[in-house]
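J.: Handing you a structure now.
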Amino acid sequence: MTTLIHRFSQNDWYSFNNHYLQDREAQTFLSNYDYPDVVVGELNGNSNAIWGISPPAQKRLITELQSNHTIKLKLDWTVKRPSNSPDIASECKAKREVNLEAYKGQVRNPVREKLVRILEGELDQNPVLIPNLFPKFLKITNKGQAIYIPQLEDESEGYVDLKLTLQSAGLGNLVSRQKWWEVQENCENGYFGWLPHYSQCRFLTIYTFNDKTFPKGLSFISGGGIVGMYTTLVLVAGKMLRGYFAGSALKIMFDDLPNVDRILQLCLDIYLVRESSELELEEDLFAKLVFLFRSPETLIKWTRPPEEETPEGEEGDPQLE
């Protein structure tokens with residue numbers, strides 16, 4: 001089968017969301033996606049290969065269909081997409097199995113009976129309807145899954161019926177002809193007619209919701225998965241905080257002085273006497289400044305706010321000798 005790919009436009013996305021506006025479960029699911037994450041695939045229903053079955057194998061298949069054993073009809077699908085990381089699967093696979101029971105109530109299963117007639121050469125019995133086989137909505141995960149989305153539709157509606165038609169070309173009896181299968185959706189009820197890119201059953205149309213992937217440049221971060229990302233985040237944040245607070249205990253007594261007016265005045269006095277060439281006085285004032293920063297207790301007394309100072313001559317006098 002050949003496939004045509006369409007991406008959702010913003011208008012398509014709004015139309016799709018509006019249909020599920022009153023469905024809380026569907027809205028919760030759709031909130032994880034945006035319109036670039038949705039892809040519409042249109043599959044041509046005609047097989048690209050001839051149905052190469054030998055006459056003995058065809059007779060054995062007819063015998064199995066006529067038996068009382070349950071027959072399983074299996075549909076496999078594979079979705080391929082580019083991958084920027086070995087941890088993101090480039091192929092997503094899943095399958096659907098439908099049991100064809102031998103009896104429906106007290107009568108033979110009409111689907112099996114119709115398949116038998118078609119395989120015996122009665123092509124006027126085409127097509128045969130297989131119920132609830134083809135998925136309309138798929139979720140494509142980064143772990144290689146292409147799973148059905150029950151939040152949007154129940155399985156009874158979300159898996160559509162397929163019409164199988166055995167086509168043949170050439171002359172002679174059916175066994176000697178070239179045969180291939182043609183598949184179409186059963187759109188008689190028009191249940192999905194509201195969908196964007198609705199093809200009126202000219203194609204097998206499927207809607208995929210694709211999980212977001214990291215850009216190629218950030219694949220080294222996402223390579224370790226969620227645990228790796230959180231570990232990287234914690235390490236980077238810890239290093240930044242450690243660098244910000246490193247040595248703060250040694251600087252806090254200088255950075256958080258309550259009142260530095262006296263120290264500032266002392267520094268200005270040092271500049272003043274230097275300009276006046278009073279070198280001895282400059283040396284004394286500079287010695288005071290060095291003494292202050294070498295004596296935390298004296299520095300604290302010197303930088304008290306004026307309202308907290310004690311009278312001169314009392315204990316705790318902030319004056320320097």
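J.: Counting other C-beta atoms within 10 Å, and keeping those with at most 13, which DSSP coil trypsin sites (Lys or Arg not before Pro) do you find in the range 48-152? Mind showing how you got there, number by number?
T.: Details: sites: Lys59, Arg60, Lys72, Lys74, Lys80, Lys93, Lys95, Arg96, Lys104, Arg108, Arg112, Lys114, Arg117, Lys136, Lys139, Lys143; in loops: Lys136, Lys143.
Here the sparse-neighbourhood loop sites are Lys143.
J.: Given all pairs of different Cα atoms, what value in angstroms does the Kirkwood hydrodynamic radius of the chain take? Walk me through the numbers on the way to the answer.
T.: Details: mean 1/r = 0.0363 Å⁻¹.
After inverting the pairwise mean of 1/r, the radius is 27.5 Å.
J.: Under 19 Å Cα to Cα from Lys80, which lysines show up? Leave out anything in the same chain fewer than 8 places away.
T.: Lys93, Lys95, Lys136, Lys139, Lys143, Lys212, Lys216
J.: Taking other Cβ within 10 Å of each residue's Cβ, how do Leu235, Leu133 sort, fewest first?
T.: Working: Leu235 10, Leu133 20.
Listed from fewest to most nearby Cβ atoms, that is Leu235, Leu133.
J.: Still on this structure: Which value in nm describes the separation of the simple spin-label points at Asp284 and Asn259, placed 7 Å from the Cα toward the beta carbon?
T.: Once both label points are built, they end up 2.5 nm from each other.
J.: Related question: For the chain, find the longest principal axis of its Cα atoms and tell me its angle to the long axis of helix 110-119, 0 to 90°, nearest 10.
T.: That helix lies at roughly 70 degrees to the long axis.
J.: Tell me which residues come under 5 Å, amide H to amide H, from Asn46 once H is placed; ignore anything under 5 positions away on its chain.
T.: Residues meeting the criterion, in which the H sits 1.01 Å from N, are Val183.
J.: What's the exposure ranking of Leu138, Leu164, Leu195, Leu21, going from fewest to most Cβ atoms within 10 Å? List each step's numbers first, then the result.
T.: Details: Leu138 23, Leu164 20, Leu195 17, Leu21 9.
Sorted ascending by nearby Cβ count, the order is Leu21, Leu195, Leu164, Leu138.
J.: May I ask you to list the GluC sites (Glu not before Pro) in the range 103-208 that are in a DSSP loop and have at most 11 other Cβ atoms within 10 Å of their Cβ? Display every interim value, and only then the final one.
T.: Values: sites: Glu113, Glu120, Glu122, Glu153, Glu155, Glu157, Glu182, Glu185, Glu188; in loops: Glu120, Glu122, Glu153, Glu188.
Passing both the DSSP loop test and the Cβ count: Glu188.
J.: Next question, about the same structure. Please label the shape of the range 1-159 as rounded, prolate or oblate, based on the square roots a ≥ b ≥ c of the eigenvalues of the alpha-carbon gyration tensor (a/c under 1.5 means rounded; beyond that, a/b larger than b/c means prolate, else oblate). Each step should come with its number before you reach the end.
T.: Working: a/c = 2.40, a/b = 1.82, b/c = 1.32.
Prolate.
J.: Can you list the residues, at least 5 places off or on another chain, whose amide H is less than 5 Å from the amide H of Phe8, using H built in the peptide plane?
T.: The list, which skips near neighbours in sequence, is Val38, Val40.
J.: Sticking with this structure for a sec: Dipole magnitude of the chain about its Cα centre, charges +1 at Lys/Arg Cβ and -1 at Asp/Glu Cβ only, in debye to the nearest 20? Please list the in-between numbers first.
T.: On the way: 34 positive and 44 negative charges, 835 e Å.
Roughly 4000 debye, rounded to the nearest 20.
Where a number appears in this text, it was derived from the coordinates with a stated rule and is not lab data. The model shown is predicted, which means the values in this text are computed figures rather than measured ones. As a convention, Cβ positions derive from the backbone with ideal geometry for all residues, glycine included, and neighbour counts pool all protein chains shown.
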